[in-house]
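Asks: This is the structure I have questions about; it appears just below.
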Amino acid sequence: MTRKQKRMAVIAGGVSFIMAAVLLVMFAFSQSVAYFFMPGDLKTAQISPGTRIRLGGLVEAGSVQRGAGSTVSFTVTDGTSTVPVSYTGILPDLFREGQGVVTEGAFDAASHSFVADSVLAKHDENYMPKEVADRLKKDGVWEDGSGKGMAPAKEKPAKVETTGATKP
């Protein structure tokens, strides 16, 4: 082999090594991606059982049920749809009904519910997970208050027409 051929072989070997490393990294990232959904999105999404996703919304009032040991069942809602969730483990201290939550896990085909392996709750009274807050604001379920966190969207009062005349 000439000197030029040796140099080209080394360059080709280096390029093929870099391409193989990039492909392995891309494959690893594609396996660890968990897409974010709200309960209303699940009606149109085609998610096969066992696919890891993030499910976000509000913990529905009156839905938290504690089971044996550290098993907890609750319902996540976005104001239009609900999804039953089961979780085994220790819940965050600030987990409660009516608060924003993001769960990560997969759907169980047998029970038709979402089985979470992690639950993330807000960290203080002024915070809601960004994905949940953005979607709830977009859907008109929540609105910003005076800069101090989130507040339920207020119902607009019914418009009362006055004609100026009084009834006897």
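The values are calculated or read from the model by the stated rules, or taken from the named source; none is laboratory data. What you are looking at is a predicted structure, and each value in this text was computed from that prediction instead of being measured. For neighbour counting, all protein chains shown are included, and Cβ atoms are generated from backbone atoms with ideal geometry for every residue, glycine included.
Asks: For the stretch 44-53, check the following and say yes or no: at least one residue is of a type in the set (Gly, Ala, Ser), assigned by TED's automatic domain parsing to the domain that holds residue 130 and under 22 Å from residue 130 (Cα atoms).
Replies: Taking every residue of the stretch 44-53 in turn, at least one turns out to be of a type in the set (Gly, Ala, Ser), assigned by TED's automatic domain parsing to the domain that holds residue 130 and under 22 Å from residue 130 (Cα atoms).
Asks: Test residue 140 against the stated conditions and say whether it is in a loop (DSSP other than H, G, I, E, B), at pLDDT below 80 and out of contact with any Leu (no Cβ under 7 Å at 6 or more places or on another chain).
Replies: yes
Asks: If only one of 59, 25 is crowded, with 17+ Cβ neighbours inside 10 Å and either among the β-branched types (Val, Ile, Thr) or under 17 Å from residue 119 (Cα atoms) (or both), which one is it?
Replies: Just one listed residue meets the conditions, 59.
Asks: Looking at the stretch 47-69, is at least one residue over 23 Å from the mean Cα position of the chain (by Cα) and hydrophobic (A, V, I, L, M, F, W, C)? Before the answer, list the steps.
Replies: Taking the stretch 47-69 as the starting set, the residues that turn out to be over 23 Å from the mean Cα position of the chain (by Cα) are 67-69.
Checking the rest, the ones that are also hydrophobic (A, V, I, L, M, F, W, C) come to 68.
Checking the stretch 47-69: at least one residue is over 23 Å from the mean Cα position of the chain (by Cα) and hydrophobic (A, V, I, L, M, F, W, C).
Asks: Just a yes or no: is a residue in the stretch 90-109 without any contact (Cβ under 8 Å) to a residue 24 or more places away in the chain, in contact with a Leu (Cβ under 7 Å, 6 or more places away or on another chain) and surrounded by 15 or more Cβ atoms within 10 Å (Cβ to Cβ)?
Replies: No, because not a single residue in the stretch 90-109 is without any contact (Cβ under 8 Å) to a residue 24 or more places away in the chain, in contact with a Leu (Cβ under 7 Å, 6 or more places away or on another chain) and surrounded by 15 or more Cβ atoms within 10 Å (Cβ to Cβ).
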